[in-house]
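Taken together, the values in this text are just the output of simple stated rules run on the coordinates, not laboratory data. What you see is a predicted model; the values in this text were computed from it and never measured. Because the Cβ atoms are built from the backbone with ideal geometry, glycine has one as well, and the counts that use them run over all protein chains shown.
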């Protein structure tokens, strides 16, 4: 038997770009890098999603998620992006015509308002300047003004501005009222300290593609007893995101509709990694990476955008006379580093560097080294090594545990 | 149906080591990191090794290897470590009682002598001080002294000392004689410029786990017409590494014995990566990484061990009063960086940092940043950022193509 020589699949590119190896370095605030063992687990042959094995994967994943989320509440795995979990939280706890208080401080918290609008929920928008943290006192005042609020919708880490919000303090305020507290923890969970139960979060909404170290496709929502009371009080108009339907199926460790269960296989592996490192240690690592990245960026003379930086990403203000796209394109072309710019009114004004999930201190060093070189190339005055050195100083300091 | 809650597979470790994420960073001179798409290709379901698909993989892999090796000669894929390819080269070209000239300048070139010994081949050892390159004039003199030499056995990159040998010049010397030139290119190929045919290499021996970006398990040997004349002149005592048997099977793009064909699937992907980047560009990248790593190490006041550094690794001398194991253990514990120490008489005296294959400039920066921090911790005087800055200066210089 002879096999013909077919060479079509051997790609030979000799362009200018080929000079760079283009090792992909996802430094976006989601998706974040996925560990090799997670990728490999998901590359296994597809099993049936109703098999005992698939159910066991759900059992173990939910048990792991509870430890990561710091909750005893039920957790539901949704096949959706994080926004699906937000929609589930909103549409199951607030009936049409009901009232929600939206802690609006960025592109993603504004999305809570859009979800409410779609379902005829009255959204009271408590606006905070982008980049500033939400003030818990203002939340208390708004709740006094609107005692009929069914749900307060907030954010742990506002991805659009790189801001961490004082969820613990806000939770204390909401806990004193009849309202439930729904928190978008999509880019926050796994990167920032968060105690779902202790902080009074009734509905925690999370996506798979950030610090949980998975590709996108899964969303998670935890539901407190206080939230169940709201949910059981009316018939939610949602079919796909109906939490009562999900609860019925969860008795058998199942999902109402076909789940993205190869992602759940990956989730199990990713959670084992987080639990092996220790949730508190994972938070400490992110704090450290965040501190190092901020120190590096500031050493370059660049201003941080946020007044209270989140720990999974660092947003800096693009300096006068430089184009954000020039910085980001060069980072990508020369070093394979993907970052993101600003959204909506921040377009062109900030650059956001992600450092979450399967990312370590040396990734931050690499990113800063590349940023230095790129900034020099776009004509910004750079003293070589200054950002890296500033970050190293942070990393040489004793490890602070949380 | 109910599924019992089994949590045994959720590993919870809360040891001190768990503080570090331990992202694995292979900076050893082999194995080298394997790209994600190669890992995923190999994670596919196993096909049959005699199927048309498996043969097509051999066809394409050999075509790709010829481009990487810069040869028109036949290439054989062996399921073995690189040493298997060396054994094949030796035992097929030199009969029992025949003579070989071994260019002995390190732990791995000495291995050629051990292979000869095992098969009753007379090995003339041309000793060169470890860390020094082989002198082509001495090779010429030795061949004049031993005109009955059947094979000259040399090394492109001596992994034990981090030395690159002048293979081109040696090749010219050997080409004038009746001897064939066998070269161990295991840690060299893909990392250092090498033109198999133009440089007169009759048998190029390569392993999969270095700059070819695969796990270990495959070895490759290219065979020139001059070599075939030697091979056809006698019956080699080797069964498994018999190149005549391999040649018979290769007519049908097959192998004599079951090949590690999932590795060949990965090889196809890895070769596509190399060819897409461009072989000359891959060499240039390694030259640049090598220059940057050397600059960084020297900026720290550390001496390079080799007088002619290879481009896939950098070996530095452990300074007085510091233990090499302390450096390497801390690199591993704190940053997940695996390096290697010295072998045989270099034990404890050098540290070897690999930068080959699926490794880019920022990996070198990371490695140097970690080395700085670790050296400071073991009590060596370090000015933070100095190694990184020196490396960055190299990386900011214009790209030199080969």
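Taking a ≥ b ≥ c as the square roots of the eigenvalues of the Cα gyration tensor, the range B:162-269 is classed as oblate, since a/c reaches at least 1.5 and a/b does not exceed b/c. Sorting A:172, B:347 from the fewest to the most surrounding beta carbons within 10 angstrom yields B:347, A:172. Take every DSSP beta bridge whose two residues both sit in the range A:36-276; close to 40 percent of them are antiparallel. Report note on the peptides A:231-237, B:213-219: ranked by the mean count of other C-beta atoms within 10 Å, highest first, their order is B:213-219, A:231-237. Simple spin-label estimate for residue B:347 and residue B:144 gives 4.1 nm between the two label positions (7 Å along the Cα-to-Cβ direction from each Cα).
According to the Cα-based calculation, Rg over Rh for the range B:145-188 is 1.01, with Rh computed by the Kirkwood formula. Across peptide B:382-391, the mean count of Cβ atoms from other chains lying within 10 Å of each residue's own Cβ comes to 5. Averaging 1/r across all pairs of distinct Cα atoms in the protein assembly as shown and inverting the result yields a Kirkwood radius of 28.8 Å.
Which shape class applies to chain B: rounded if a/c is under 1.5, otherwise prolate when a/b exceeds b/c and oblate if not, where a ≥ b ≥ c are the square roots of the Cα gyration tensor eigenvalues? It is oblate, given that a/c is not under 1.5 and a/b is not larger than b/c. Among rounded, prolate and oblate, which fits the range B:18-137 when a ≥ b ≥ c are the square roots of the eigenvalues of its C-alpha gyration tensor, a/c under 1.5 means rounded, and a/b larger than b/c means prolate? Because a/c hits 1.5 or more and a/b fails to exceed b/c, the range B:18-137 counts as oblate. Placing pseudo-labels 7 Å out from each Cα toward the beta carbon at residue A:399 and residue A:44 gives an inter-label distance of 3.0 nm. Computed from the C-beta positions of residue A:258 and residue A:118, the FRET efficiency with R₀ = 30 Å rounds to 0.80. When the alpha carbon gyration tensor of the range A:36-276 is reduced to an equivalent ellipsoid, its three semi-axes come out at 30, 19, 15 angstrom, largest first. Among A:205, B:116, a tally of other beta-carbon atoms within 10 Å of each Cβ gives an order, fewest to most, of B:116, A:205. Which residues in the range B:360-402 have a backbone N closer than 11 Å to a point placed 7 Å from the Cα of residue B:326 along the Cα-to-Cβ line? Answer for this model: B:375-381.
Arranged from fewest to most other beta-carbon atoms within 10 Å of their beta carbon, B:39, B:204 become B:39, B:204. Averaged over the residues of B:356-367, the number of partner chain Cβ atoms lying within 10 Å of the residue Cβ comes to 5. Averaged over peptide A:274-283, the number of partner chain Cβ atoms lying within 10 Å of each residue's Cβ comes to 4. Between B:255, B:137, B:359, the GNM of chain B built on Cα springs shorter than 10 angstrom shows B:137 fluctuating the most.
Placing a pseudo-label 7 Å from each Cα along the Cα-to-Cβ vector at residue B:72 and residue A:249 gives an inter-label distance of 6.3 nm.
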